[in-house]
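In what follows, a single structure is set out as structure tokens and then discussed.
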Amino acid sequence: MAIFLLASCGAKRKVLYGSRPHHGTSSTSKSIPTDASDARDKSLSGSGIDNYAAILGVSPRDLNNKSLYSFIDKWLGSPHRLGGTKPSGIDCSGFVGMLYREVYGKDLPRTSRDMGDQVKRKYERQLREGDLVFFSFGGRNIDHVGVYLHNNKFVHVSTRRGVIISDIKDNWYYKYFVRAGTPKI
């Protein structure tokens, strides 16, 4: 049986019923929710940073921003809820706004569209950890945002899987990828 859900902060997408991860899933339980094709079924064993490094395809010493990964750890698996700002349910722009406030000490606009208007645009090859990536699932306007990590991976709030790490280059995301950049604030 199929239903229509709001996908990624506002666009409708047909999906099948499925189970959701629960809030509190973290790298300390040796599980990092990801739907990135090259990271699925990776064996994780070690510290939280070691596990993130394995998922992102980098050395642990390349992950200098410990507060970023600590923040992500606290939210992994939290379910999507349009307009939500709590671990019991959060949307993409709420997650990115809270991440930026806590990790970088910067306030961003509340909506993904407004965030998209407030970035210094970059090409994909120029992206660095903490940059914003934007998608348009519902047409011409930006309706989804995530935070770039490393090697095309980004953290965001999926309507089906909650807070998760995905890959921009995976077909589903890449066809809707519209913009990226560093917040001007």
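Note on K66 and R125: their simple-model spin labels are 3.5 nm apart, each label 7 Å out from Cα toward Cβ. Surface listing: W172, W75 arranged by accessible area from highest to lowest gives W172, W75, probe 1.4 Å.
The listed peptides 116-126, 131-141, 146-156, ordered by packing as a protection proxy, come out as 146-156, 131-141, 116-126 (highest mean of other Cβ atoms within 10 Å first). Using C-alpha pairs under 8 Å with a sequence gap of at least 6, the mean separation divided by the residue count of the stretch 46-111 gives a relative contact order of 19 percent. Computed with a 1.4 Å probe on the full set of protein chains, the accessible area for T182 sits at about 50 Å².
The values are calculated or read from the model by the stated rules, or taken from the named source; none is laboratory data. Bear in mind the structure is a predicted one, so any value in this text is a computation, not a measurement. Positions of Cβ are backbone-derived with ideal geometry, glycine not excepted, and every protein chain shown enters the neighbour counts. Heavy atoms of the whole protein, side chains included, go into the accessibility calculation; ligands, DNA and RNA do not. Shrake-Rupley method; radii C 1.70, N 1.55, O 1.52, S 1.80 Å.
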